[in-house]
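Comments concern the structure below.
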Amino acid sequence: ITMKLKAGEELSAEPGAMAYMSPNVRSITSLQGGLVAGLTRLLAGEPFFLNNFKNVAKDGRDGYIALAGRREGDKIIVLDLAEMGGEFLCARDSYLCSKGDVDIGAASTFMRGQMGLRLFLSNQNTIFMQKLSGDGIACVSGNGTVIRQDLREDQEMVVDARAVVGFSNTIGYQLRMMSSPLAAVFGGEGLFFARLSGPGT
């Protein structure tokens with residue numbers, strides 16, 4: 001994804017996300033938000049330090065930066081957090097970059113009512129997911145085909161829990177085990193599925 005930066009404008013990104021940029025953009029690695037924010041990012045699967053890219057042009061010229069996902073086949077999803085109600089919960093390690101007012105934090109699945117959700121949304125044993133909050137633009141990455149679903153009030157869908165990239169904080173969900181151990185082992189769909197209910201994205 002290529003992001004335009006006006007003179008003086010900044011963008012935050014995870015280390016290693018930059019593919020190329022204009023010569024008037026400079027990179028600064030920093031501990032954004034201080035020690036507590038850095039530790040919270042670690043819990044959510046993000047680096048302790050983040051890279052800041054700033055257009056330092058003295059002549060007011062626009063700059064640009066292109067960012068790419070870290071894994072082959074990654075698709076980049078652009079989220080306007082203001083449109084998402086100011087908060088989006090997403091899979092561990094999915095944050096790529098953000099512009100404007102965006103905080104990267106961790107949300108415990110204990111607080112979301114599903115202790116084991118994060119264990120099955122990723123291959124890592126963790127009870128934390130990422131929480132992006134604010135009213136800026138954030139980009140997250142997901143592997144394979146990415147499909148957006150906007151669920152109406154009381155509309156539900158069932159999804160392989162490993163395939164959930166993220167959801168708005170108004171989405172309700174429950175983790176369910178496959179009805180048959182035989183299907184879980186030989187069916188290729190995984191051991192758990194998520195029942196998601198609207199309204200939300």
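The values are calculated or read from the model by the stated rules, or taken from the named source; none is laboratory data. These numbers were taken from a predicted model, which means no experiment stands behind them. Neighbour counts run over all protein chains shown; Cβ positions are idealised from the backbone, glycine included. Heavy atoms of the whole protein, side chains included, go into the accessibility calculation; ligands, DNA and RNA do not. Shrake-Rupley method; radii C 1.70, N 1.55, O 1.52, S 1.80 Å.
Kindly state, to the nearest 0.05, the FRET efficiency for Asn169 paired with Ile147, given R0 = 25 Å and r defined as their beta-carbon distance. Efficiency computed from Cβ-Cβ geometry: 0.80. Among the lysines, select those whose C-alpha is under 16 Å from the C-alpha of Lys6, and discard any that sit fewer than 8 residues away in the same chain. Partners found: Lys54, Lys58, Lys99. A simple spin-label model places pseudo-atoms 7 Å from Cα toward Cβ; at Tyr64 and Asp154 they are separated by 4.8 nm.
Summary of packing: across the peptides 94-107, 141-154, 53-66, the per-residue average of other C-beta atoms within 10 Å ranks them, highest first, as 94-107, 53-66, 141-154. When all protein chains stay in place and ligands, DNA and RNA are ignored, the 1.4 Å accessible-area order of Tyr173, Tyr20, largest first, is Tyr20, Tyr173. Using r as the Cβ-Cβ distance of Arg176 and Glu87, and R0 as 22 Å, what FRET efficiency do you calculate, to the nearest 0.05? About 0.35, to the nearest 0.05. Peptides 23-29, 162-168 ranked from most to least packed give 162-168, 23-29, packing being the mean of other C-beta atoms within 10 angstrom over each peptide's residues.
Seen from Lys131, the other residues with C-beta closer than 9 Å to its C-beta sum to a net charge of -2, counting Lys and Arg as +1 and Asp and Glu as -1.
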